[in-house]
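The values are calculated or read from the model by the stated rules, or taken from the named source; none is laboratory data. No experiment lies behind these values; they were computed from the predicted model shown. When we count neighbours, we look across all protein chains shown, and the Cβ atoms used for this are built from the backbone with ideal geometry, even at glycine. For the accessible areas, the whole protein counts, side chains as well, though only heavy atoms, and no ligand, DNA or RNA atoms are used. Shrake-Rupley method; radii C 1.70, N 1.55, O 1.52, S 1.80 Å.
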Amino acid sequence: MTSPRTSRIPYPKDDDGARRLVYGADYNPEQWPREVWAEDIRLMRQAGVNLVSLAIFSWARLQPTEDTWDFGWLDEVMDLLHAGGIGVDLATATASPPPWLTAAHPEILPVTATGETLWPGARQHWRPTSPVFREHALRLVREMATRYADHPALVAWHVNNELGCHNVYDYSDDAAHAFRGWLRRRYTTLDALNHAWGTSFWSQRYSDWDQILPPRLAASHPNPTQQLDFKRFSSDALKDHLLAEREVLTEITPNTPVTSNFMVMSGIKGMNYADWAGAVDFVSNDHYTVLGPQNRDELSFCANLTSGIAGHRPWFLMEHSTNAVNWQPVNLPKKPGDLGRDSLLHVAHGADAVCFFQWRQSAAGAEKYHSAMVPHAGEDSELFRDVVALGHTLDVLAPLAGSEREPARVAILFDWDSWWASEQDSHPTSLLDYHREALDWYSALMRLGIRADVVPAQTTDLNPYDLVIAPVLHVVAQPLAKELTRYVEGGGHLVTTYFSAIVDENDHVWLGGYPGALRELLGIRIEEFGPLLDGDTVDLDNDTAGSLWTDRISVDATDVETLVHYRTGTYASRPAVTRRATGRGTAAYVSTRLGVDGLAALLPRLLAPSGVASDLPEAARGTVEHVVRRDSDSRYLFFVNRGDAPAPLPGLSGEVLIGPSAGDGFTLPPGGTAVLRQPNPQEPLPPADRSA
Ligand code: GLA
Ligand code: GLA
């Protein structure tokens with residue numbers, strides 16, 4: 001599956017029938033007495049909230065026993081919300097099975113690789129492949145859909161919640177059974193599986209499908225292809241659950257769009273969302289910032305990738321936080337201004353909805369110290385005033401609802417197969433961090449003021465891009481190798497890095513010298529890897545340093561230029577960064593980890609052949625993030641000052657939607673955001689799917 005064909009975001013409308021941006025939260029009224037509900041609606045209206053996600057964790061309340069249902073309270077809440085003009089993204093409520101179900105059917109509980117059961121008492125304690133769970137879940141979905149099909153508050157369906165947040169890897173007997181079925185569909189014959197898994201190694205040859213297991217705790221390294229396939233299978237099993245719920249929903253309410261909240265954020269790697277996008281009517285994402293020096297780059301990177309997954313159509317920010325979360329080792333509050341700026345950064349990258357977990361901060365339960373739109377302190381709080389102010393800002397930005405993110409000239413390829421495979425055990429290093437490498441390239445481009453798109457490697461048309469960066473593109477099957485070669489020969493500029501193009505789709509090494517699948521295109525040959533110990537570095541002759549990885553590179557072709565040499569280390573005086581001119585384009589290779597500083601120093605040389613340059617004034621580069629959205633009439637220019645000093649933006653004109661007034665440019669204060677509207681001089685974006 002690729003990107004959704006259309007984005008069916010349920011836009012609220014103003015009195016004139018024009019689209020508004022969505023503003024809202026998860027709403028958990030079952031945690032509160034009835035008196036609070038009316039108060040909630042009053043405050044939601046005050047804040048400009050126009051949508052809530054409801055009933056996400058309500059299963060035990062809606063179906064108190066196997067044969068009894070209690071919808072009365074939810075009917076009342078739905079009616080109240082509708083009367084208040086607030087739409088409902090109604091959950092199917094299947095996220096957390098009730099105690100009666102797990103007591104009667106403990107065989108739905110997930111099992112870890114070491115054979116431990118994950119017991120009830122938290123949430124998401126269900127096996128994605130359990131037929132018993134599936135049956136009970138779909139029964140609930142059918143009840144929900146039938147009951148609320150015609151309710152006027154219903155605007156969208158919210159399947160389950162954050163599928164795979166806690167239960168992506170299940171090693172139970174149900175999983176073993178479903179894994180075998182998945183493998184039969186993938187390989188058809190045992191011979192093909194034995195070949196793909198390389199089972200001649202360590203006497204692993206299977207003579208019957210029933211001998212195959214998930215990669216449970218083993219005596220030594222489990223078979224790498226078995227592990228990789230189990231990751232693919234586990235993502236597919238959850239997608240299958242999404243599709244099963246969706247099928248019931250679309251049967252009963254064909255006109256109500258269906259979504260499920262993805263988790264494109266650091267630390268979550270189990271679900272191949274590029275492959276899930278086609279399973280929803282609009283892409284939704286949850287994002288939480290984590291501590292660290294690059295955390296705002298990471299926010300931008302993830303919002304950008306979500307846009308890439310959505311085929312650059314508008315998407316839906318289903319959850320982020322107004323303030324601190326409760327699940328990091330130390331949960332810092334946001335700094336003044338972060339709430340609005342973080343929200344607008346998502347909007348800049350194509351979010352047409354800004355929603356939070358959650359509406360009212362819980363008084364009890366595991367998330368009572370997690371922030372919300374209404375904090376424990378109540379409406380008389382700085383936080384609630386910020387929430388109200390953000391509602392006003394989103395009203396002002398209503399004209400951009402439905403606009404698409406304007407493609408950049410540079411793409412960073414992101415690939416789940418490569419992420420999964422490159423970080424497996426028994427490799428040259430266990431220190432490789434796929435996400436961090438991709439993020440570093442993004443940070444370095446931002447530092448130079450260059451816009452880039454982060455896009456799924458398998459489903460994106462590369463043609464529109466002048467420069468494609470493929471960090472640690474570890475898994476390169478023949479079709480992708482051909483596509484990258486065609487791209488370069490046709491005039492594209494490719495940059496790839498260490499540990500790229502090493503294996504095929506079965507995790508078998510391309511032989512004859514690394515990086516086998518792209519060796520010819522790059523014009524280099526690597527005979528051995530030289531990983532570095534944690535903390536060790538090598539000097540390069542452009543006065544930067546490499547870490548993590550080095551390669552012993554020989555240059556194969558005469559048209560290869562060595563841009564940078566190693567100055568120290570095992571490979572001193574050999575090439576560290578190369579570039580081959582071939583066809584009408586170039587293909588460059590970076591053999592070590594340079595980090596943000598090193599990449600920012602190198603990038604001007606890598607960018608040169610493509611002619612890509614910053615469209616920000618010099619003084620704003622590195623502090624101002626610039627993103628553009630557009631529709632057939634207008635371009636919406638976002639400028640976000642992420643630095644501590646005022647940023648001058650001379651020579652800008654346009655209608656100021658938010659920010660300092662622009663005459664002939666303006667100065668953006670620290671933390672400030674400006675959005676300008678200009679007429680769109682270009683052809684409107686084609687309605688066709690760019691990534692079909
Ligand atoms: C996830 C879940 C929410 C809540 C938040 C807390 O996003 O979907 O229910 O637990 O995390 O950050
Ligand atoms: C041991 C084993 C070999 C091989 C090597 C790898 O010596 O006997 O089969 O696994 O380790 O270092």
- May I ask you to evaluate 6.51 cos²θ - 1.76 cosθ + 1.60, the Karplus curve with θ = phi - 60°, for each residue of region 451-457 and list the ³J(HN,Hα) values in order in whole Hz, giving x for glycine and proline? 6, 9, 9, 9, 9, x, 5
- Message: I'd like the distance separating the alpha-carbon centroids of region 361-407 and region 261-309, in whole Å.
- Response: 19 Å
- Query: What size of dipole, in debye to the nearest 20, comes out for region 410-610 about its Cα centre when the only charges are +1 on Lys and Arg C-beta atoms and -1 on Asp and Glu C-beta atoms?
  - Reply: 620 debye
- Message: In region 1-121, if the dipole is taken from +1 on Lys/Arg beta carbons and -1 on Asp/Glu beta carbons about the Cα centre, which of 69, 81, 118 is farthest to the positive end?
- Response: 81
- Note on the structure: Taking 213, 21 and ranking on accessible area (1.4 Å, protein atoms only), highest first, one gets 213, 21
- Using every pair of alpha-carbon atoms in region 621-679, split the distances into 5 Å bins beginning at 0 and state the percent of pairs per bin, rounded to integers. 4, 22, 31, 25, 13, 4, 1, 0
- Message: Looking only at the chain, where both bridge partners belong to it, what percent of the DSSP beta bridges are antiparallel (to the nearest 5)?
- Response: 55 percent
- Task: Quick one: compute the contact order of the chain, relative version, from alpha carbon pairs under 8 angstrom and 6+ residues apart, as a percent.
- Result: 11 percent
- Task: Report, by chain and number, residues whose modeled amide H sits under 5 Å from the one on residue 634, excluding near sequence neighbours (fewer than 5 apart, same chain).
- Result: 680
- Hey, how many Å between the Cα centroid of region 188-235 and the Cα centroid of region 430-464? 32 Å
- Task: Have a look at region 267-337 and give its Rg and Dmax from the Cα atoms, expressed in angstrom.
- Result: 13.5, 38
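What percent do you get for the relative contact order of region 553-615 when only Cα pairs under 8 Å and 6+ apart count?
Normalised by residue count, the contact order of region 553-615 is 22 percent.
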- Percent relative contact order for region 410-610, counting Cα pairs under 8 Å at least six residues apart, stands at 21 percent
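About the Cα centre of the chain, how large is the charge dipole given +1 on each Lys and Arg Cβ and -1 on each Asp and Glu Cβ? Please answer in debye to the nearest 20.
It comes to approximately 860 debye.
As an exercise, use a Förster radius of 51 Å and the Cβ-Cβ distance of residue 195 and residue 42 to find the FRET efficiency, rounded to the nearest 0.05.
0.20
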- Helical contribution to [θ] at 222 nm, DSSP H n ≥ 4, -39,500 (n - 2.57), averaged over the chain, rounded to 500: -9000 deg cm²/dmol
- Message: About the Cα centre, and with charges only on the beta carbon of Lys, Arg (+1) and Asp, Glu (-1), how big is the dipole of region 499-551? Nearest 20 debye, please.
- Response: 200 debye
- Computed Kirkwood radius, in angstrom, where 1/r is averaged over Cα pairs of region 410-610: 16.5 Å
- Item | Derived scalar couplings ³J(HN,Hα) [region 191-208; Karplus, 6.51 cos²θ - 1.76 cosθ + 1.60; whole Hz; x for Gly, Pro] | 4, 5, 5, 4, 5, 4, 7, x, 6, 5, 6, 6, 6, 9, 4, 8, 10, 8
- Item | Per-peptide average of other Cβ atoms within 10 Å, ordering 350-362, 531-543, 592-604 highest first | 350-362, 592-604, 531-543
- Order the peptides 416-423, 554-561 from the highest to the lowest mean number of other Cβ atoms within 10 Å of their residues. 416-423, 554-561
- Please work out the Cα center distance from region 640-666 to region 87-154, rounded to the nearest Å. 49 Å
- Message: In Å, what Kirkwood hydrodynamic radius results for the chain from the alpha-carbon pair distances?
- Response: 26.6 Å
- Compare 334, 368 by solvent-accessible area with a 1.4 Å probe and give them largest first, with all protein chains kept in place. 368, 334
- Formal net charge of residues neighbouring residue 476 (Cβ-Cβ distance under 15 Å; K, R +1; D, E -1): -4
- Item | Long-range HN-HN contacts of residue 169 with modeled amide H, under 5 Å | none
- Which of the peptides 185-194, 172-181 is most tightly packed, and how do the rest follow, going by the mean number of other Cβ atoms within 10 Å of each residue? 172-181, 185-194
- Item | Under 13 Å from residue 334, Cα to Cα: aspartates and glutamates that are on another chain or at least 8 residues apart | 342, 382, 386
- Phi-derived 3J(HN,Hα) across region 154-164 with the Karplus relation (6.51, -1.76, 1.60, θ = phi - 60°), rounded Hz, x for Gly and Pro, is 5, 10, 7, 9, 10, 6, 6, 6, 6, 3, x
